[in-house]
Each structure stands twice: as structure tokens, then as C-alpha cells.
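Before any comments, here is the structure.
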Amino acid sequence: MTASIINGKEVSQELRASMTAEVQQLSEQGVVPGLAVVLVGEDPASQVYVRNKEKACHDLGFYSEVHRLHASTSQADLLALVDKLNKQESINGILVQLPLPGHIEEKAVIDAIAVEKDVDGFHPVNVGNLVIGDDSLLPCTPAGVIELIKRTGIEMSGKHAVVIGRSNIVGKPVSLLLQRENATVTMCHSRTANMKEITRQADILVVAIGRANFVDAEYVKPGAVVIDVGMNRLDNGKLAGDVDFESVKEVSGPITPVPGGVGPMTITMLMQNTLIAAKRAHGLA
Ligand code: NAP
């Protein structure tokens, strides 16, 4: 049996179409969502991500600013820019592209972003609100994962969800969001013993480990939903997920491909957060 493919590109386009309509309505009330992206240095992958974010803003009718800073920019200068953007009314969302050069402490920069403009959802206050179940700006990739599972039409409530990976930006928030959907969640990581025995019990399996094609069909219960967050660049230049798509799709239920699964959702959820932040700033949310 070959599984159905969860098309992240298509879901992303649908979400962007409804956002475009909303942005148009808002602009009639004089509200234009604004996103500032800050890039320090010339990391090639980061440059691509930043260009994609700039393009998404343009396509959706957002106001956008990109601040490209030299790799030697001091932490104090970066913090001064964040402070200026925190106060700037035309900006509703601030994203400082990670990773930052080694001489800058990432935590100090994330902590300096105004909570209500933290569209990456990495500020400790937003993370804390996520933990206690209060309103918060959700981290983009985990929010995208949940949206894709919802699109399968498969109910999460009461299901056993297993997440492989416990990073702050993917594994941990995905687990919290799955719990919020009333799934029973098990987290696995590099020290987990007998991992296959655990993952084979999963109705929903989310994989975020950063190892190309690591999860094969032996890890997967027949019919399980499989969400592959992994993005690994192979020696031949191609992109591979953490899941061995070809073997797993023969046993799984709905499954995301790489590319074209979780990847396209991340920027879309960033745009959604910026839209939410703009509405909140104008008392419209
Ligand atoms: P990370 O910070 O390196 O964390 C990896 C996690 O995987 C850790 O918790 C680690 O366990 C666990 N792990 C590593 N090897 C393992 C193994 N053999 N068995 C079980 N667990 C293992 O990575 P990340 O930032 O979460 O990213 C994970 C992947 O998602 C990467 O490929 C990344 O490129 C991708 N990603 C994609 C998007 C997107 O937009 N699609 C966004 C973010 C990340 P320990 O904690 O025990 O070390």
C-alpha cells in the first residue's frame, strides 16, 4: 500500500490565499502588517531564507524591512537595532535570523525582542505561555506541523503521538502543541533505549533529528501519520528528510515529503504570526 502524500506546498498556498484576502481588508482600515528581518553576516543558507521571507511579505502585501548587517556587527549595535524596531509602529514582527556569529549571544538578542513582536515564538515569555496553555505567538515550524496533521482530517485527540527530537525550536514545542490537541505524547531523543519499540506504537510520528533518511519502515506502525521535519543537505546537493520516504510510504498513512512538506509551512506560519501581531497591535484580534 502506498500512503497519501501531505502536500505542504498546497496547504501553504491555501493559507497564503486566505491571508492575502485578510490583508486586503485590513489595508482598507489603514492596517498594514509589517515584518523586519535582521541578518548578521553572509551565511548562504540564511541569505536564501531571508530572501524567501522578503518575497513572502511582498506577495502577501505586508510592509517589510530587511536589515543586512556585517558579520563583525557588535552585540550592542544589534541590540540597539532590536530596540529601535521594538518601538517602530510600522513593524509588528521582528525576526533575527539564526544562527548568529559566535561573538553574539543568541539568548540576549531573543530576550530583547518585544514579546508581542516575537513572531518566531522563541522569547521565553511566549515559550512559557505555550507551556501553560495561554495565548502566545507559536513557533513557526511546530505550528506548521500541527496544521499539516489537521489537514489529514485525522483526529489527534486520544492518539499516541511520538516525537523524535527534543530541541527547543522543534521537538519540545511540537510535543506541547500535540498535548494541547489532546494527544498522548512520548518524546524520544539520542539517549532513548529501544526507540523502534516506542515509535512502532505511534499513531502520529513526528521526526526532527537532523539525520538524513534515519527513520525507515521498521520504525513505523502501519497506517501511522508521519511528519518529517528534517532538512538535510546531501553530498550530491539534494535535500533529504530524516525519514526514508520511499520505504516508509509503503507502510505509513499520510506522510510529508521533503522537500514540499513541512518546509513551505514555516514561512507561511511566520506570515500568519505577523498578521496576528498586527491585528493585536490595532486591537483587532
Ligand atoms: P537539533 O537542535 O540538532 O536537535 C536534534 C534532536 O534530535 C536532539 O534532541 C537529539 O537528541 C535528537 N537526535 C539526534 N540524533 C538522534 C538519534 N539517532 N536518535 C534519536 N534522537 C536523535 O535539531 P533541530 O533544530 O530540532 O532540527 C532537526 C531537523 O529539522 C534538522 O534537519 C533541521 O534542519 C530541521 N528543521 C527544519 C525546519 C523546517 O522549516 N522544515 C525548521 C527547523 C529545523 P539529544 O537532545 O539527546 O541530543
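None of the figures in this text is laboratory data; all of them are computed from the coordinates on show. The structure displayed is predicted, hence computed values, not measured ones. All Cβ positions, even for glycine, are placed from backbone atoms using ideal geometry, and neighbour counts span all protein chains on display.
Screening the chain for DSSP H helices whose Cα atoms reach 27 Å or more along their own axis and whose mean Kyte hydropathy is at least -0.5 gives 263-281. List the residues, sorted by chain then number, that are 5 or more residues from residue 96 or on another chain and whose placed amide H is less than 5 Å from its amide H. So residue 96 has HN proximity to 38. Couplings for region 182-188, taken from phi via the Karplus curve 6.51 cos²θ - 1.76 cosθ + 1.60 with θ = phi - 60°, read 6, 7, 9, 10, 10, 10, 10 Hz in order; Gly and Pro are left as x. Pairwise inverse Cα distances across region 31-114, averaged and inverted, put the Kirkwood hydrodynamic radius at 13.0 Å. Rounded to the nearest angstrom and listed largest first, the equivalent-ellipsoid semi-axes of region 135-285 from its Cα gyration tensor are 26, 18, 14.
Each Cα pair of the chain feeds into the Kirkwood radius, which the Stokes-Einstein equation turns, at 37 °C and 0.692 mPa s, into a diffusion coefficient of 167 µm²/s.
Taking amide H as placed 1.01 Å from N in the peptide plane, the amide H of residue 188 sits under 5 Å from that of 163, 164, 165, each at least 5 places away or on another chain.
Which one, 104, 91, 164, has the greatest fluctuation when you compute a Gaussian network model over the chain with C-alpha springs under 10 angstrom? For the chain, modelled as a Gaussian network with Cα springs under 10 Å, the answer is 104. Normalised by the number of residues in the chain, the average gap of Cα pairs under 8 Å and 6 or more apart makes the relative contact order 22 percent. When the chain is described by a simple charge dipole with +1 on each Lys and Arg Cβ and -1 on each Asp and Glu Cβ, the residue from 192, 231, 133 located farthest towards its positive end is 192. Proximity of backbone amide H atoms, modeled 1.01 Å from N, is registered between residue 202 and 221 at under 5 Å, excluding neighbours fewer than 5 places apart on the same chain.
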